[in-house]
Amino acid sequence: MARVVLLAINAKYVHSSLAVWLIAAGIARYAATPHEVSIVEATIEQPCENIADKVLAHRPDIVGVSTYIWNAGKLPELLMRMREKLPEAVFALGGPEASNNAEHWLANGANHVLQGEGEYTFPAFLNEVMQRDTTRGFPPAVPLTDSPTVPVGNKPSCGVEPIDPYTDEYFIALGGRIAYLETSRGCPFDCAFCLSAGSGARPFPMEFAKRQISRLSQTWAASTCPRTIKLVDRTFNCNAARAYELFEYVIGLDTLCRFHFEVAADLFDERTVALLGEAPPGRIQLEAGLQSYSGQALEATSRRTDIGKAERNIRALLKPGNIHIHVDLIAGLPFEDMPGFIDGFDRAYSLGAHTLQLGFLKLLHGSALRRKADALGIRYSETPPYQIQSSKWLSGEDIQTLQLAENALQHTCNKRRFLLTLEYTLSASRLRPFALYHGLGSEATNHGLDLADYAEKIYEYCKKQQGVDEKALREHMTIDWLGMVKGKNMPSFLRNTDARHRKAVEATQKRLGRKIRREEAAILPSGKGIFVDSEDCDPVTGLYKLHYL
């Protein structure tokens with residue numbers, strides 16, 4: 001028997017790791033002998049010393065580490081610290097970052113790099129360690145094979161039910177954080193920037209998938225039940241009939257959970273769009289990756305998208321107002337220059353999705369695009385997350401311009417903040433969306449600012465735009481503030497000094513039948529009274545319900 005620690009380092013506390021729990025369940029099923037398995041979850045914000053101490057507390061013989069671009073920058077120091085404290089332990093790394101860059105990690109603290117699906121490969125690794133180790137200890141660099149890289153192996157055969165990671169211990173550890181779920185593995189498409197390209201989709205048995213969904217969605221233990229369940233299927237709706245059946249199942253559940261799906265918007269048929277229109281508000285979130293409006297960029301990266309159909313479907317899905325829609329664009333794809341990207345941004349923005357994610361191309365180890373980067377003239381950071389720095393089509397200055405727009409977009413629209421203010425400014429000034437957000441990112445920086453100070457910067461920026469009426473701007477921003485925050489004081493430049501404000505508060509309390517904070521009611525510059533019901537939050541937009549007096 002070995003003492004095994006499976007270590008996951010998540011990007012944020014609210015995230016959880018599916019991989020380590022799958023591997024733990026795989027060890028229980030496939031390991032030839034029992035092992036003492038402990039799971040340690042940490043975040044990238046925690047000091048390496050603290051994470052190392054968490055691992056050390058279990059006195060492990062073997063440490064398995066799950067590696068991704070978000071934690072790869074932290075791992076060399078962490079591995080060094082763990083090796084100092086656990087000199088006799090064996091360190092095995094797996095996951096996309098290590099398995100596609102084995103030589104680097106073998107030179108930076110790993111004894112072994114595991115490739116393939118961890119819930120099958122890790123037990124096979126343990127079995128070989130146990131067979132070869134005839135002494136008490138587990139010395140570093142156990143010579144398992146001619147190479148310390150453990151190859152893909154032990155994949156499930158047809159008819160074998162996938163591993164179920166959702167033990168009682170999992171739910172206790174989850175503690176209400178985001179839960180992750182897969183109903184299939186792999187992807188049928190060949191996008192050159194993605195590590196799943198060419199892997200082929202392997203759907204899990206339908207009844208198994210439904211049992212997993214049902215178990216995660218139950219509210220029998222409210223303190224540990226996740227409110228958000230994110231499906232990690234690479235393209236959930238690549239099989240239209242299967243997607244329809246699972247959407248129908250999720251819609252019919254008696255649950256307060258919301259389900260997040262990654263989809264290709266152009267693959268939806270009319271029947272599925274109609275079904276999704278019947279979902280309870282907030283039950284379903286869709287992340288649709290458009291990536292680019294440039295046909296040449298899409299072709300160069302083997303990305304197949306019917307943009308026109310995708311747009312029509314996104315608008316149809318938004319129309320009922322019951323589904324949160326997230327749209328992705330990638331800046332830096334080959335053959336897409338600055339004017340082309342800006343046109344695509346403006347077009348994507350006009351769809352009216354709740355989130356427009358402006359991401360930057362990352363040249364991942366193992367991706368086809370990284371292998372072609374030099375030939376394409378793409379320069380990128382050599383350290384994680386390997387983000388583009390420049391190319392033949394985008395200069396370094398272009399990238400900085402895009403980053404300014406992305407920062408403003410992320411702190412306003414994508415957080416559902418100042419929406420009416422920005423829409424009014426766009427309409428009154430006739431600015432294009434990208435121009436507005438670039439200007440906002442340039443002039444209204446938010447580094448280290450609290451929300452009230454940031455609001456004032458946005459106000460000052462918008463006030464300067466041609467055609468903007470200051471009184472109307474104040475009205476929109478006041479309405480925005482009431483709807484988007486809870487328990488925060490109104491910024492001083494928006495605060496009422498009008499004697500009618502006290503009467504508005506009294507009228508609001510009478511309408512709601514409870515006491516409110518004075519900031520929950522306001523007299524608008526137009527003279528109208530308005531109040532927010534801070535106990536009524538829209539499950540789709542995240543905004544609070546507003547009422548006029």
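Rule-based calculations on the coordinates, nothing more; no lab input. If you're wondering where the values come from, they're calculated on a predicted model, not measured in any experiment. Neighbour counts are summed over all protein chains in view; Cβ atoms, including those assigned to glycine, are modelled from backbone coordinates with ideal geometry.
Structure summary
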| read-out | value |
| --- | --- |
| Extension gain (nm, one decimal) between residue 254 and residue 54, 0.36 nm per residue minus Cα-Cα | 68.2 nm |
| Amide H contacts under 5 Å for residue 389, placed H, 5+ residues apart | 379, 380, 381 |
| Listed peptides 104-114, 33-43, 248-258 by packing density, highest first (mean Cβ within 10 Å) | 104-114, 33-43, 248-258 |
| Percent RCO, i.e. relative contact order, over the chain, from Cα pairs under 8 Å lying at least 6 residues apart | 8 percent |
| From phi via Karplus (6.51, -1.76, 1.60), per-residue ³J(HN,Hα) for the range 335-343 in Hz, x at Gly/Pro | 6, 10, 8, 4, x, x, 5, 4, 4 |
| Listed residue pairs exceeding 26 Å between alpha carbons, taken from 74/457; 415/503; 392/415; 362/392; 471/545; 309/545 | 74/457; 415/503; 392/415; 309/545 |
| CD proxy at 222 nm, helix term only [per DSSP H run n ≥ 4: -39500 (n - 2.57); per residue of the chain; nearest 500] | -11500 deg cm²/dmol |
| The chain - share of DSSP beta bridges that are antiparallel (%, nearest 5) | 20 percent |
| Helix 419-429 axis, angle to the chain major axis (alpha carbon atoms, nearest 10°) | 60 degrees |
| Local electrostatic count, residue 275, Cβ distance below 11 Å [Lys/Arg +1, Asp/Glu -1] | -4 |
| Under-5 Å amide H pairs with residue 228, H placed in peptide plane, nonlocal only | 179, 258 |
| Amide hydrogen neighbours beyond the local backbone of residue 284, cut-off 5 Å, H modeled | 259, 324 |
| Among 387-394, 171-178, the order from most to least packed when residues are scored by Cβ within 10 Å on average | 387-394, 171-178 |
| Cα-based helix-to-principal-axis angle, 470-484 vs the chain, degrees rounded to 10 | 40 degrees |
| Residue-wise HN-Hα coupling along the range 172-189, computed from phi with Karplus coefficients 6.51, -1.76, 1.60 (Hz; x: Gly, Pro) | 5, 5, 4, x, x, 6, 4, 9, 10, 8, 10, 10, 7, 9, x, 8, x, 9 |
| HN-Hα J in Hz across the range 445-458 - Karplus 6.51, -1.76, 1.60, θ = phi - 60°, x for Gly and Pro | 5, 10, 5, x, 8, 7, 5, 5, 5, 5, 4, 5, 5, 4 |
